[in-house]
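*Asks:* Pasting a structure below so you can have a look.
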2 protein chains.
Amino acid sequence: MTIADQNLVKKMNRRRLLQEVIHHSPISRASLSKTTGLNKSTVSAQIQGLVDEKFIFEIGQGQSSGGRRPVMLMFNKQAGYAIGVDIGVDDLTVLLTDLDGSIVSEHYFELEQSSVNETMALLLKTIEQVIRTMPGSPYGLIGIGICVPGLVNRSEQIVLTPNTHWNGVDVKKQVEEAFNVPVTIENEANAGAYGEHIYGAAKAFDDFMYVSISTGIGVGLVLNNELYRGVHGFSGEMGHMTIDFNGPKCNCGNRGCWELYASEKAFRQSLPADWDEKELNKRFQQNDVVLFRSLENFGHHLGIGLVNIANTFDPEAIILRNPLIESNPFVLNAVKNTLSSRMNVRFETECAFLPSTLGKNAPALGACSMMIESFIKGITA
Amino acid sequence: MTIADQNLVKKMNRRRLLQEVIHHSPISRASLSKTTGLNKSTVSAQIQGLVDEKFIFEIGQGQSSGGRRPVMLMFNKQAGYAIGVDIGVDDLTVLLTDLDGSIVSEHYFELEQSSVNETMALLLKTIEQVIRTMPGSPYGLIGIGICVPGLVNRSEQIVLTPNTHWNGVDVKKQVEEAFNVPVTIENEANAGAYGEHIYGAAKAFDDFMYVSISTGIGVGLVLNNELYRGVHGFSGEMGHMTIDFNGPKCNCGNRGCWELYASEKAFRQSLPADWDEKELNKRFQQNDVVLFRSLENFGHHLGIGLVNIANTFDPEAIILRNPLIESNPFVLNAVKNTLSSRMNVRFETECAFLPSTLGKNAPALGACSMMIESFIKGITA
DNA sequence: TTAAGTTAGTTTATCCGCACAACAAACATT
DNA sequence: AATGTTTGTTGTGCGGATAAACTAACTTAA
């Protein structure tokens with residue numbers, strides 16, 4: 001708990017005003033005074049400072065409402081830029097966004113059997129290039145957010161990546177030293193949750209879960225408008241929640257883990273072995289019965305775990321991140337069938353189950369928004 | 001987000017100082033200045049106000065450390081009193097505590113087949129009596145916290161009590177009107193969690209779960225030092241978490257719910273039907289093999305769900321509230337065996353599994369501490 | 001026993017940020 | 001052209017915190 005003095009007061013009001021401008025620009029000083037409750041003179045003084053520091057600029061006069069025309073203020077979303085990186089199991093995403101989270105440039109790579117060192121080199125090279133082509137701005141690159149498919153501890157060290165070999169690689173240090181800007185390492189599910197929270201399907205929600213379904217299942221928890229990371233940073237490992245205690249052994253040590261039944265990997269293993277990606281697409285188009293039975297089964301097992309999540313957290317929504325779900329409403333319907341048969345009625349109407357709207361970009365965008373948020377916080381520190 | 005002015009500054013510092021005195025009394029003004037970072041003159045001024053309002057008093061001079069002897073300040077824990085009520089399925093607890101949570105008087109009743117109306121009458125009568133015998137104090141009764149074995153929504157209305165008939169009974173209104181003090185209605189698991197947090201096994205933890213095991217299983221979540229209630233107030237319904245998706249139907253609508261395997265009810269159903277309470281105690285004393293196999297099984301199934309909780313939240317600790325567990329380390333050992341075979345190693349050493357220390361009183365004490373906390377907050381509003 | 005040093009708490013002066021009110025600027029209405 | 005409204009600025013005062021000087025009370029050691 002920090003102690004309070006006039007300086008704190010000023011910082012709090014400054015932050016409040018900046019937030020108001022960010023989320024409601026264009027807006028006038030008079031409107032700011034009304035919405036915040038701060039006196040007009042206070043607003044004017046604070047805004048002056050933010051204008052001097054290039055975070056806000058005057059865009060010109062607005063519409064009169066019967067008197068002097070207001071001077072409209074805009075958040076200068078080009079005051080700086082953020083880079084968001086998603087290191088996937090077999091792909092790499094690098095996004096550059098402005099302070100509004102709008103994508104300025106994007107780079108995608110397939111990582112077929114790349115070593116960690118190769119990927120790292122590719123990453124550093126790409127970031128370097130992105131920085132070179134970045135538009136000029138008062139604050140330049142404000143930070144790099146990087147997410148990885150594994151467990152990240154509270155010191156932002158990668159401690160477990162089941163499907164890759166990033167364990168123990170000090171990505172934070174390497175990238176920080178290369179570019180000399182703030183760097184954050186984050187779990188992929190947490191970053192995705194944050195992305196959907198700020199820019200995507202969960203904008204309206206204060207309390208929701210983001211379920212990332214790929215090789216495994218990871219869950220990002222947003223509670224009271226904040227990411228909940230757990231004591232060591234390992235929360236949301238619900239892929240290893242037992243849903244069948246006599247089920248098969250998982251390599252995590254547990255039995256009958258959810259992701260053994262409801263991950264995309266599990267779904268693919270449920271298909272005939274001789275189906276390749278092409279065959280799969282063909283049957284998709286043809287509404288093939290065998291395929292759709294597998295999809296339904298996938299949705300069913302997903303639903304079982306989602307009921308557990310809903311019972312645990314009582315959230316406003318659960319966001320599902322998976323290409324199959326985003327592209328085809330059939331799976332989500334199968335999920336919802338299981339939900340309606342298994343979930344207590346009181347929840348069913350109250351908790352929304354939605355596909356991700358940012359899709360593949362969710363984690364990298366989330367990583368960007370984390371950097372932006374900490375930059376904005378830093379402005380008022 | 002509220003705006004900031006000098007008044008906020010004063011309130012924040014006042015609250016901070018009062019908290020410091022509450023948790024570290026006896027303490028001098030000089031120490032307060034050091035620990036809070038506030039100027040000596042600020043501390044003196046604020047303390048004067050709190051002394052005037054009877055929340056703090058001077059207890060006399062302390063030990064000199066080489067200079068003038070300090071005047072020691074004490075929190076006046078007898079400035080008021082709180083009542084905590086635990087309405088159980090078949091019992092009723094009414095506690096009176098001072099502002100420190102120390103029990104001043106306690107009343108326990110068995111409710112054998114009492115109707116809701118009868119219980120309500122008993123409750124009101126008991127509270128009346130407690131108030132009559134309460135010591136004199138500047139602020140008197142500061143509030144009544146009541147917890148019930150069921151779901152309580154955000155408007156503090158009881159919406160579901162599986163094993164009793166309190167649904168829809170407006171306990172809050174009735175008790176408020178009878179005694180004209182603040183009243184809170186809370187879920188039993190939440191109240192218990194709060195109790196253990198403030199006074200019991202979880203004092204040292206900011207992030208933990210409290211698992212209440214009786215007829216069903218309820219979980220209270222404390223995250224970042226605060227109760228997490230969920231959007232509608234229904235979080236922690238982990239008794240209805242599926243741990244065996246092909247398992248038997250539960251009356252909640254789901255299948256293979258945890259509490260079908262690991263509640264005390266489930267444990268008792270696993271015993272031979274002709275064993276009564278006396279027989280049970282006898283066999284307990286004799287270390288009866290059949291009984292202990294059942295206990296082991298009970299612990300095993302508990303462990304399965306606890307692993308799920310640990311994977312979900314990554315907490316500092318999980319507190320188990322059940323008489324069998326508190327009285328006999330055997331069950332907890334059985335739990336831990338399952339944990340060590342099923343939980344990822346990284347967690348095992350990091351998450352503590354502890355029996356409740358407040359036992360039966362945990363929920364009522366938690367209810368008290370909620371009222372005390374809101375009273376203290378109100379002091380600085 | 002006395003002088004010097006240390007710690008506790010109060011008093012006084014000063015600073016800082018906000019609110020308030022008066023004012024100036026720029027517009028709409030009639 | 002006169003009146004009223006809205007926007008934004010300027011000067012004044014208030015409240016609360018800090019800092020420094022001061023008083024008070026004690027320890028230590030010559």
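Each value in this text was obtained by applying a stated rule to the coordinates, not by laboratory testing. As the structure is a computational prediction, the values presented were derived from the model and not from experiment. Don't worry about glycine lacking a Cβ; one is built from the backbone with ideal geometry, like all the others, and counts go over all protein chains shown.
*Asks:* What order, most packed first, do the peptides A:315-325, A:155-165 have when packing is the mean number of other Cβ atoms within 10 Å of each residue?
*Replies:* The packing order, highest mean first, is A:315-325, A:155-165.
*Asks:* Right, another one. What is the mean number of Cβ atoms from other protein chains located within 10 Å of the Cβ atom of each residue in peptide A:3-10, rounded to a whole number?
*Replies:* The mean count of partner-chain Cβ atoms within 10 Å per residue comes to 6.
*Asks:* Cα-Cα pairs above 35 Å in the protein assembly as shown: how many percent?
*Replies:* Beyond 35 Å sits 55 percent of the P(r) for the protein assembly as shown.
*Asks:* What percent antiparallel are the DSSP beta bridges of the range A:201-357, to the nearest 5?
*Replies:* 55 percent
*Asks:* Same structure, new question: Ranking request for peptides B:246-258, B:32-44: highest mean number of other beta-carbon atoms within 10 Å first, then the rest in descending order.
*Replies:* Taking the mean over residues of other Cβ atoms within 10 Å, the ranking is B:246-258, B:32-44.
*Asks:* Between B:Glu156 and A:Asn337, what is the label-to-label distance in nm when each label sits 7 Å out along the Cα-to-Cβ direction?
*Replies:* 4.5 nm
*Asks:* Now, a different point. What percent does the relative contact order of the range B:294-343 come to when contacts are Cα pairs within less than 8 Å and at least six residues apart?
*Replies:* The normalised contact order for the range B:294-343 reaches 65 percent.
*Asks:* When the chain is fully extended, how far beyond the present Cα-Cα distance does B:Val116 get from B:Ala178, taking 0.36 nm per residue of separation?
*Replies:* 20.6 nm
*Asks:* Percent relative contact order of the range B:201-357, based on C-alpha pairs within less than 8 angstrom and at least six residues apart?
*Replies:* It rounds to 25 percent for the range B:201-357.
*Asks:* Using only Cα atoms, tell me the angle between helix A:362-379 and the longest principal axis of chain A; keep it within 0 to 90° and round to the nearest 10.
*Replies:* 30 degrees
*Asks:* Of A:Asn39, B:Trp166, B:Gly239, which is farthest on the positive side of the dipole of the protein assembly as shown, counting Cα position, with +1 on Lys and Arg Cβ, -1 on Asp and Glu Cβ, and the Cα centre as origin?
*Replies:* Value computed over the given set: A:Asn39.
*Asks:* Treat the range B:201-357 as a sphere of radius equal to its Kirkwood radius over Cα pairs and apply Stokes-Einstein at 25 °C in a medium of 0.890 mPa s; give the translational diffusion coefficient in µm²/s, rounded to a whole number.
*Replies:* 152 µm²/s
*Asks:* On a 0 to 90 degree scale, rounded to 10, what angle separates helix A:329-342 from the longest Cα axis of chain A?
*Replies:* So the helix axis and the longest Cα principal axis differ by about 80 degrees.
*Asks:* To check you understand DSSP bridge types, tell me what percent of the beta bridges within the protein assembly as shown (both residues inside) are antiparallel, rounded to 5.
*Replies:* Rounded to the nearest five, the antiparallel share is 65 percent.
*Asks:* Taking the Cα centre of chain A as the origin, how large is its charge dipole in debye, to the nearest 20, when only Lys and Arg (+1) and Asp and Glu (-1) carry charge on their Cβ atoms?
*Replies:* Using Cβ point charges on Lys, Arg, Asp and Glu, chain A gives about 1340 debye.
*Asks:* Residues with amide H under 5 Å of A:Thr184's amide H, sequence separation 5 or more or different chain, H placed in the peptide plane at 1.01 Å from N; which?
*Replies:* Under 5 Å from the amide H of A:Thr184: A:Ile144, A:Gly145, A:Ile146.
*Asks:* Still on this structure, I have one more. Can you give me the angle between helix B:188-199 and the longest principal axis of chain B, using Cα atoms only, in degrees from 0 to 90, rounded to the nearest 10?
*Replies:* So the inclination is approximately 50 degrees.
*Asks:* What nm distances, shortest first, do you get from the label point of A:Gln6 to those in the other copies when the point sits 7 angstrom along Cα to Cβ?
*Replies:* Shortest to longest, the spacings are 0.9 nm.
*Asks:* Would you be so kind as to identify which of B:Gln78, B:Gly366, B:Phe313 lies farthest towards the positive end of the dipole of chain B, taking Lys and Arg as +1 and Asp and Glu as -1 on Cβ and the Cα centre as origin?
*Replies:* Final value for the positive-end residue is B:Gln78.
*Asks:* Let me ask you something else. Between the label point of A:Met74 and that of the same position in each other copy, find the distances and list them shortest first in nm, with every label point placed 7 Å from Cα along the Cα-to-C-beta direction.
*Replies:* A:Met74 label point versus its equivalents elsewhere: 6.6 nm.
*Asks:* If the cut-off is 27 Å between C-alpha atoms, which lysines fall inside it for B:Lys336, apart from same-chain ones fewer than 8 positions away?
*Replies:* B:Lys336 reaches A:Lys249, B:Lys203, B:Lys265, B:Lys282, B:Lys360.
*Asks:* When chain A is modelled as a GNM with alpha-carbon springs shorter than 10 Å, which of A:Leu99, A:Leu332, A:Leu122 fluctuates the most?
*Replies:* Fluctuation is largest for A:Leu122.
*Asks:* Continuing with this model, one more query. GluC sites (Glu not before Pro) within the range A:54-135: which are DSSP loop residues with at most 11 other Cβ atoms inside 10 Å?
*Replies:* Here the sparse-neighbourhood loop sites are A:Glu112.
*Asks:* When the dipole is taken about the Cα centre of the protein assembly as shown, and only Lys, Arg (+1) and Asp, Glu (-1) are charged at their Cβ, what size is it in debye, to the nearest 20?
*Replies:* Its charge dipole is roughly 2240 debye.
*Asks:* While we're on this one: Could you work out how far apart the two model spin labels at B:Glu350 and B:Tyr139 are, taking each label as a point 7 Å from the Cα in the direction of the beta carbon, and quote it in nm?
*Replies:* It works out to 3.9 nm between the two label points.
*Asks:* So if I place +1 on the C-beta of Lys and Arg and -1 on the C-beta of Asp and Glu, and nothing else carries charge, what would the dipole magnitude of the range B:201-357 be about its Cα centre? I want it in debye, nearest 20.
*Replies:* Magnitude of the dipole: close to 280 debye.
*Asks:* Need the full-extension length gain, B:Lys278 to B:Arg293, defined as separation in residues times 0.36 nm minus the C-alpha distance. One decimal, nm.
*Replies:* Difference between extended and current length: 3.6 nm.
*Asks:* Every other copy gets compared here: list the nm distances from the B:Leu122 label point (7 Å along Cα to Cβ) to its counterparts, shortest first, one decimal.
*Replies:* Spelled out, the distances from B:Leu122's label point are 7.0 nm.
*Asks:* Could you work out the relative contact order of chain B, using alpha carbon pairs under 8 angstrom and six or more residues apart, expressed as a whole percent?
*Replies:* Result for chain B is 16 percent.
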